[in-house]
Structures are given as C-alpha cells and as structure tokens.
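J.: Please read through the structure below; I'll follow up with questions.
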Amino acid sequence: MAYFLQQLINGLSLGAIFGLIAIGYTMVYGIIGMINFAHGDIFMVGGFIAIIAFMVLGLLGITWVPLALLVMLAVAVAFTALYGWALERVAYRPLRNSGRLAPLISAIGMSIFLQNYVQLLQGARNKALGTPPISGGITLMDSAGFSVQLSYMQIIIIVSTVLLMAGFTYLINTTTLGRNQRACEQDMRMARLLGVDVDRTIALTFVMGASLAAVAGMVWLLYYGIIDFYVGFLAGIKAFTAAVLGGIGSLPGAMLGGLLIGLIEVFWSAYFSAEYKDVAAFGILVLVLVFRPTGLLGKPEVEKV
Amino acid sequence: MSAMLSVQGVHTFYGHIEALRGIDLEVRKGEIVALIGSNGAGKSTLLMTICGTPQAAKGRVVFDGRDITKVPTHEIMRSGIAQAPEGRRIFPRMTVLENLQMGASSAPPEHFAEDLERALAIFPILKERQGQRGGTLSGGEQQMLAIARALMSRPRLLLLDEPSLGLAPMTVRRIFQVIRDINRQGVTIFLVEQNAYHALRLAHRAYVMVTGTIGMTGTGAELLANREVRAAYLEGGVTEEVVAGGAP
C-alpha cells in the first residue's frame with residue numbers, strides 16, 4: 001500500500017509535467033490543425049534558459065530561493081515565449097495556405113534545428129544544477145520499513161499545474177482572447193470576417209503554449225537536476241501522446257492524458273520493468289486509438305450540414 | 001449621391017477558375033441593392049472579394065472613398081462593413097451570446113450592452129436562446145443570429161448572402177421585413193439572393209449576375225417586370241410561394 005501510494009505521487013508529478021507540455025500541442029492543433037513537432041524542443045529550450053538564469057543568479061549572488069525561483073521563472077517564460085513566437089513567424093506562418101504536409105515537415109525541421117542549435121551553443125553534455133535549490137519533503141507514511149515521501153518539489157509541481165490549468169481554463173472560456181481562439185478553431189474565415197486578427201490570435205496561441213512549456217522545462221530541471229539538448233525529443237513525443245490520448249484539441253483532455261501517461265510510465269517501471277516503460281505508454285495509446293479514435297475527451301468531427 | 005461601395009472591373013480566381021470576370025457595380029448610401037443570379041454565377045464570391053477573402057486579382061474595390069482591394073480582411077471588417085455569409089457560419093460550439101460577442105469584435109466595448117439589447121429586440125427569439133449553443137439552433141434561428149451578429153459591429157454597409165435559403169415561407173417574410181427595418185435605421189444593404197421575387201420587391205436597385213459578369217441592372221421594379229428576368233429567375237413552373245419557400 002505504501003509502495004503504491006509512493007508510485008501514485010511520483011506518477012502524478014511526472015504526469016503533471018507531461019500535461020503542461022501537452023497543452024501546447026493541443027492548443028496549436030485546435031487552432032491550426034497542425035502538430036507542432038518542435039514543441040518538445042521548445043520545452044527543452046525553456047529548461048536551458050532556466051538553468052542559464054540559475055547560473056547567472058548564482059554569479060550575482062542572489063541565492064534567496066523564492067526570489068531566485070521567481071526570477072528564473074520570469075526569464076524562462078519570457079524568452080521561451082519569444083522562441084515560440086519566432087517559431088510560428090518564421091517556420092509556420094509563411095506556409096499557412098499550403099496544405100497540411102508542408103508545415104509538418106517544417107516543424108520536424110525546426111525540431112532538428114533547435115536541438116542542434118542548443119547542442120552547438122551549450123555543448124552536447126548534460127548540464128547539472130549542482131545543489132538543487134528545493135530539497136526535502138514530508139514523510140506521509142512510514143510502514144514496514146518503507147516510507148512514503150512527498151517532496152516539496154512534487155508539491156510545487158502539482159500545485160502550480162493546478163493553478164495554471166485553472167488560469168488557462170478561465171482565459172479560454174471568458175476572455176476576449178480565449179473567445180477569439182475558440183472562434184478561430186471553429187471557423188477561421190468567419191472569425192476574420194468578424195474583424196478578428198487571426199494571425200495575431202495564432203501567434204498568441206504559440207506564445208501561450210511556449211510559456212507553459214517553459215514552466216514545464218524549468219520544473220523538469222528542478223525535479224531531475226539535469227538537462228540536455230535531447231531531452232525535448234522523448235518528453236515531447238510523450239506529451240504529444242498524452243494530447244492524443246486525452247483527445248487532441250481538448251484542454252482538459254491534454255491534462256488527463258498527461259496524468260495517465262505519467263502514471264502508466266511510473267507504475268509500469270515500479271511493478272514490471274523500467275526498460276519497457278515507454279512501450280507501455282505508447283501501447284496504451286495504440287489501444288485507445290483503436291477503440292476510441294478521438295481520444296478520451298475528444299469530440300468527434302461534426303459533419304457540416 | 002456618391003457611391004458608398006464601388007466595385008470596379010474586379011476579377012477573382014479560385015485556383016485556375018476565373019469566378020469573377022470583370023464586375024462593375026456600386027452601392028449608394030442608404031440603398032438596398034440586390035444581386036440575383038443562378039447558382040454558381042459568382043454572387044457569394046463577389047461578397048467575399050469585397051471582404052478581401054480572396055482578394056481581387058484585378059480591378060478595385062472602393063469603400064467610402066478608400067481603396068480596400070489589398071487591405072487585410074479583418075481591417076476591412078473593422079472599417080464599417082459586416083457580412084452575414086452563405087451558410088450562416090454560426091460558431092456551433094459557442095453560445096448565442098458568445099456568437100454575438102464575436103460579432104462585436106470590431107465595435108467599441110462600451111457600446112456592447114446597448115447593441116446587444118437592440119439586436120435582441122429585433123430577434124426576440126434569440127433572447128430566449130442566449131445560453132444555447134449555436135449549433136443547436138434551427139435554420140431560421142441561425143439566420144437571425146447571423147444577421148444579429150453582423151449588426152453587432154455597427155456596420156454602415158451590411159452584406160447579406162442568401163438570407164432566405166432553406167427557410168420556411170413565414171420566416172422568409174419575417175427576415176425580409178427585418179432587412180427593410182434595418183435599412184430604414186440607416187444601414188446600407190447589399191443583398192445576394194436566389195429568391196429573386198422577394199429580393200427584387202425589396203431592393204431599390206438590382207443587378208443580375210450571369211457566370212461571373214453583370215448581365216443587367218435596373219431598379220427592383222424594372223427587373224421584376226423584365227421578361228428575360230421573369231423567364232430566367234421567376235417563372236418556369238415556379239410559383240411565387242415556392243420561390244419564397246426557397247425549395248432545396
């Protein structure tokens with residue numbers, strides 16, 4: 001029981017990170033019907049910007065943890081959002097009217113570009129945080145020589161994810177920007193005919209997705225303590241899987257999918273074998289797609305009458 | 001009276017197909033102008049070209065003295081033109097109220113409450129349906145919502161594309177009555193219709209469109225009396241009521 005509870009905590013923490021990344025995939029897919037395969041690498045860039053900010057803060061002698069974390073977060077979000085915006089501007093907007101395949105290829109190209117760019121600038125070795133700024137935790141249970149730990153980092157991950165989800169749901173459902181995004185998603189040409197600046201709305205969608213990816217990247221860095229230029233590939237694919245699993249285009253679906261992928265991966269590692277955890281995660285995806293092609297919370301394509 | 005909207009020698013292509021082959025027409029301030037013609041003549045394409053989606057390949061579109069041929073669509077729609085397009089294009093997964101809020105995108109936010117009240121006074125049924133999703137409305141209600149949504153931007157020129165299509169005769173009469181009322185409140189109207197009888201009775205002036213060109217023009221009454229127009233768009237075994245019903 002204690003062991004199970006511990007895995008549940010670990011799985012939820014990992015799943016929350018996947019969920020944050022998955023929202024970026026699902027929002028972009030919802031609005032322009034394209035899989036942004038460079039999104040995982042935007043997440044990686046977010047992690048790197050966070051570690052650079054961390055190093056610079058160390059050099060400046062700012063070591064009070066809450067302040068350092070807030071500055072890291074602000075810097076990571078701001079710069080990663082800029083990357084997300086530039087990505088859309090450079091690689092996708094010029095291809096807006098050229099079918100589905102061209103932007104997809106462009107996305108894969110941008111993914112390769114970002115990996116190599118970071119590798120060249122930062123080196124191929126992984127970067128470590130050294131002493132983790134947040135350590136320690138609470139012992140929830142101590143039975144039969146196995147103690148259930150809930151680390152402060154895990155609390156931060158889960159709480160910040162819940163807050164971000166609540167904020168995003170509010171933004172999408174009630175603000176003008178959110179309404180414009182939903183309008184573009186449902187009928188882009190009509191949105192334009194009502195005076196909505198569609199290009200700007202799409203650009204802001206990329207900025208929002210990249211901001212969440214930046215939070216995920218920073219959290220990943222703090223959670224695992226290391227990061228390398230390749231981390232975005234697998235994390236990105238898993239978050240994409242999460243988005244599809246939950247129903248691509250659906251915001252709660254992305255979060256649910258993320259949590260499920262995290263839980264499956266952790267439980268599989270805990271009870272079966274860590275080597276095959278990826279197989280388990282992707283295997284579940286295959287099963288869901290066979291029996292429910294629109295994903296768990298996805299809505300089937302409605303035929304226009 | 002000077003032209004509010006002037007279309008000058010406009011050509012528009014869809015891929016390699018030339019949908020508009022040199023269109024000239026104008027709409028003056030305060031008028032109701034109808035554009036009739038058979039299916040596929042290019043009527044909807046003309047309305048979309050006025051809105052810049054797609055843009056005209058040749059020729060000019062001038063609105064209020066300003067050349068808008070190459071202006072981005074959202075800016076054109078912010079300069080006083082609104083369209084209730086073919087097929088209504090209600091946002092299906094948004095509520096009626098949200099659809100109306102979208103319509104107000106280009107209006108100053110402080111006017112929203114007042115404009116909403118006015119739109120709902122024109123179509124009281126929408127008031128009851130405010131919280132309902134657009135996709136669940138009937139065809140007639142969707143048409144009313146499409147017009148109400150277009151009015152939310154406080155347009156000076158309202159473009160209407162087949163407002164009577166697929167509606168019951170009673171609803172058609174109601175819609176045309178509303179169009180006349182809106183016009184009396186000072187909104188200039190450019191109306192595309194296959195339902196030639198109602199459109200010509202309503203319009204001050206009209207144009208007949210034939211495969212991408214303007215075939216004829218005159219006042220509504222003149223065209224209604226014209227033998228060619230009658231033969232092509234009003235008769236041929238079709239009674240007025242069937243035309244009014246917009247047979248599918």
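J.: Kindly state which helices (runs of 4 or more DSSP H) lie completely within the range B:92-168 and contain at least 2 residues that are at the interface with another protein chain (Cβ under 10 Å from one of its Cβ atoms) and open to solvent by less than 50 Å² (accessible area, probe 1.4 Å).
T.: B:96-103, B:139-151
J.: What's the total number of residues in the range B:171-189 that are surrounded by fewer than 19 Cβ atoms within 10 Å (Cβ to Cβ) and not in a loop (DSSP other than H, G, I, E, B)?
T.: Initial filter on the range B:171-189 (surrounded by fewer than 19 Cβ atoms within 10 Å (Cβ to Cβ)): B:173-174, B:177-178, B:180-181, B:184-186.
The next check asks that each one be not in a loop (DSSP other than H, G, I, E, B); those that pass are B:173-174, B:177-178, B:180-181, B:184.
Number satisfying all stated conditions: 7.
J.: Take the residues in the range B:56-69 that are under 15 Å from residue B:5 (Cα atoms) and either modelled with pLDDT under 95 or charged (D, E, K, R) (or both); name whichever of them is surrounded by the most Cβ atoms within 10 Å (Cβ to Cβ).
T.: Here the answer is B:64.
J.: With respect to residue A:201, determine if the residue is open to solvent by less than 10 Å² (accessible area, probe 1.4 Å) and more than 14 Å from chain B (Cβ to nearest Cβ). Lay out the reasoning, then the answer.
T.: Working: open to solvent by less than 10 Å² (accessible area, probe 1.4 Å): yes; more than 14 Å from chain B (Cβ to nearest Cβ): no.
Judged against the criteria, residue A:201 is not a match.
J.: Then there's this: Here is a list of conditions, (1) away from chain B (no Cβ under 14 Å); (2) open to solvent by 40 Å² or more (accessible area, probe 1.4 Å); (3) within 30 Å of residue B:73 (Cβ to Cβ), and residue A:277 meets all of them except one; can you say which number that is?
T.: Going through (1) away from chain B (no Cβ under 14 Å); (2) open to solvent by 40 Å² or more (accessible area, probe 1.4 Å); (3) within 30 Å of residue B:73 (Cβ to Cβ) one by one, residue A:277 breaks only (3).
J.: Anything in the range A:86-130 that is among the aromatic types (Phe, Trp, Tyr) and open to solvent by 50 Å² or more (accessible area, probe 1.4 Å)? List them, or say none. Steps first, answer last, please.
T.: The first filter runs over the range A:86-130 and keeps only residues among the aromatic types (Phe, Trp, Tyr), leaving A:92, A:113, A:117.
Across the range A:86-130, the qualifying residues are A:113, A:117.
J.: Picking from A:144, A:191, which residue would you name as being open to solvent by 60 Å² or more (accessible area, probe 1.4 Å) and either over 20 Å from the mean Cα position of the chain (by Cα) or not small (Gly, Ala, Ser) (or both)? Please lay out each step first, then the result.
T.: Working: A:191 fails: open to solvent by 60 Å² or more (accessible area, probe 1.4 Å).
Only one candidate qualifies: A:144.
J.: So residue A:127 clears everything in (1) in contact with a strand residue (DSSP E or B) (Cβ under 6 Å, 6 or more places away or on another chain); (2) closer than 29 Å to residue A:115 by Cβ; (3) within 14 Å of chain B (Cβ to nearest Cβ) except one condition, right? Which one?
T.: Among (1) in contact with a strand residue (DSSP E or B) (Cβ under 6 Å, 6 or more places away or on another chain); (2) closer than 29 Å to residue A:115 by Cβ; (3) within 14 Å of chain B (Cβ to nearest Cβ), residue A:127 violates only (3).
J.: Still on this structure, I have one more. Could you list, in sequence order, the residues of the range A:249-270 that are open to solvent by 40 Å² or more (accessible area, probe 1.4 Å) and within 18 Å of residue A:31 (Cβ to Cβ)?
T.: A:252 - this is the single residue of the range A:249-270 that is open to solvent by 40 Å² or more (accessible area, probe 1.4 Å) and within 18 Å of residue A:31 (Cβ to Cβ).
J.: Looking at (1) open to solvent by less than 60 Å² (accessible area, probe 1.4 Å); (2) on the phi < 0 side of the Ramachandran plot; (3) within 14 Å of chain B (Cβ to nearest Cβ), which is the one condition that is false for residue A:217?
T.: Condition (3) is where residue A:217 drops out.
J.: Oh, and also: Could you go through the range A:138-157 and let me know if any residue there is free of Cβ contacts under 8 Å to residues at least 60 places away in the same chain, in contact with a helix residue (DSSP H, G or I) (Cβ under 6 Å, 6 or more places away or on another chain) and either within 18 Å of residue A:219 (Cα to Cα) or more than 14 Å from chain B (Cβ to nearest Cβ) (or both).
T.: no
The values are calculated or read from the model by the stated rules, or taken from the named source; none is laboratory data. Nothing here was measured: the structure is a model prediction, and the numbers come from that model. Note that we place each Cβ from the backbone using ideal geometry, even for glycine, and neighbour counts take in every protein chain shown. Please note that ligands, DNA and RNA were not included when accessible areas were found on the heavy atoms of the full protein model with its side chains. Shrake-Rupley method; radii C 1.70, N 1.55, O 1.52, S 1.80 Å.
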